[in-house]
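The values are calculated or read from the model by the stated rules, or taken from the named source; none is laboratory data. Quick caveat, the model's predicted, so the values are computed rather than measured. Heads up, the Cβs are rebuilt from the backbone with ideal geometry, glycines too, and the neighbour counts pull from every protein chain shown. Side chains are part of the model used for accessible areas, which takes the heavy atoms of the whole protein and leaves out ligands, DNA and RNA. Shrake-Rupley method; radii C 1.70, N 1.55, O 1.52, S 1.80 Å.
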Amino acid sequence: MMEFWSATARALSPYTPGEQPRIEGLVKLNTNECPLPPSPHALAAMRDAATDALRLYPDPESLALREALARHHGLKPENVFVGNGSDEVLAHVFVALLKHERTLLFPDVTYSFYPVWAGLYGVDYQTVALDEAMRLRVDDYRRNEAGAIIFANPNAPTGIALPRDEVTRLLEQHADIPVVVDEAYVDFGGETAAPLIAAHPNLLVVRTFSKSRALAGLRVGYALGQPSLIDALTRVKNCFNSYPLGRIAQAGAIASVEDDSYFQASVRTIVAERERMTAQLRELGFSVLPSSANFIFARHATASGAELAKALRDRAVLVRHFNAPRIEDYLRITIGTAEQTDKLVAALQNILR
Ligand code: PMP
């Protein structure tokens, strides 16, 4: 029934998320979810929020959550924008801050949703190649045609982090254009750019509750920046959805931010498991990029990425494989529990035998 489609719908090339299949005993290491549960305080707050107040709309400004995030980051509520997952925040960012006469720049290997939003909103972009070691080279972004920059730090799917002094250098080189840092994975070992906001009116930092806070199913993301950037996002949001976050999401997110000790402990567990998984995969003949995220990006000396992903899936172990230039040999493997790592390693031993 494509004849009913608009020209816009026909022209789209949508993003494909990692699959969420229902397979008994599945070892799910394909979408960078947290293997540990969310904070028990967050769960209790969400249960409490599920009362008859749900018949009322939530606060359209999510002020209590923005206040909690502002306290957490040493900022003001005017520095905080929240949305339905950082994917929604990023979509608004493309409209509000990244669409200009001059072109948007992002790395050739990065979050594959960026070109999709660019397509949806008609944002002209160019990619800038990562170096041979898959690192972002700040000086390569010095292009006259640059109208805005977005990159993920740590990058996805490589897991490689850019040190904060390099981010500062990038911001200084591009003080006249918006620079957006997608910090979905920063809690697992990156250095956040949030402290640079006060000195850099062109900087927007985007964060999520989906990874380090184990709330992917709740859909909460946010952005931090100077009030003028936040105002631009709010304008777009108020042309799209007045109430992107429900009452349950706002309550759960607030309680999660306020439970710092639980958060710190679960991040420590995942980072320790990442180091153990990395060592085991190296023993199996993989080269593993240095990860500051809750996943690793690895390629095997002899076996192809596509074949390994398929063979693992046949053994009920799901990892992510991208059929894209420069990275088709790699697997992106989310850090799970120790038991899940053991199952992954056993399956790989079986396949590579
Ligand atoms: N940014 C990056 C780099 C990601 O990998 C993801 C997860 N797919 C997101 C943003 C979006 O996460 P969410 O919408 O769950 O906040």
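Structure data summary
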quantity	calculated
Residue that is most open to solvent (accessible area, probe 1.4 Å) [pool: residues in the range 140-165 that are among the charged types (D, E, K, R) and touching a helix residue (DSSP H, G or I) at 6+ places or on another chain (Cβ under 8 Å)]	R142
Subset tally (residues that are part of a helix (DSSP H, G or I) and in contact with an Asp or Glu (Cβ under 8 Å, 6 or more places away or on another chain)) for the range 219-233	2
Filter result (over 23 Å from the mean Cα position of the chain (by Cα), small (G, A, S) and surrounded by 17 or more Cβ atoms within 10 Å (Cβ to Cβ)) within the range 257-305	A303
Pairs where the first residue, in the range 125-145, is within 17 Å of A161 (Cβ to Cβ) and basic (K, R) and the second is open to solvent by less than 60 Å² (accessible area, probe 1.4 Å) and modelled with pLDDT of 95 or more, C-beta under 7 Å, 6+ apart	R135/I160; R137/D131
Some residue of the range 18-36 being free of Cβ contacts under 8 Å to residues at least 24 places away in the same chain and either outside any helix (DSSP H, G or I) or on the phi < 0 side of the Ramachandran plot (or both)	yes
Single match in A216, A249 (criterion: within 13 Å of the ligand (Cβ to nearest atom), in contact (Cβ under 8 Å) with a residue 24 or more places away in the chain, among the small types (G, A, S) and open to solvent by 20 Å² or more (accessible area, probe 1.4 Å))	A216
Hey, R332 charged (D, E, K, R) and open to solvent by less than 80 Å² (accessible area, probe 1.4 Å) or not	yes
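Residue by residue, here is whether (1) more than 23 Å from C34 (Cα to Cα); (2) in contact with a strand residue (DSSP E or B) (Cβ under 7 Å, 6 or more places away or on another chain); (3) at pLDDT below 95 holds:
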{"position": "V109", "(1), (2), (3)": "yes, no, no"}
{"position": "G119", "(1), (2), (3)": "yes, no, no"}
{"position": "T127", "(1), (2), (3)": "yes, yes, no"}
{"position": "R137", "(1), (2), (3)": "yes, no, no"}
{"position": "A152", "(1), (2), (3)": "no, yes, no"}
{"position": "L170", "(1), (2), (3)": "yes, yes, no"}
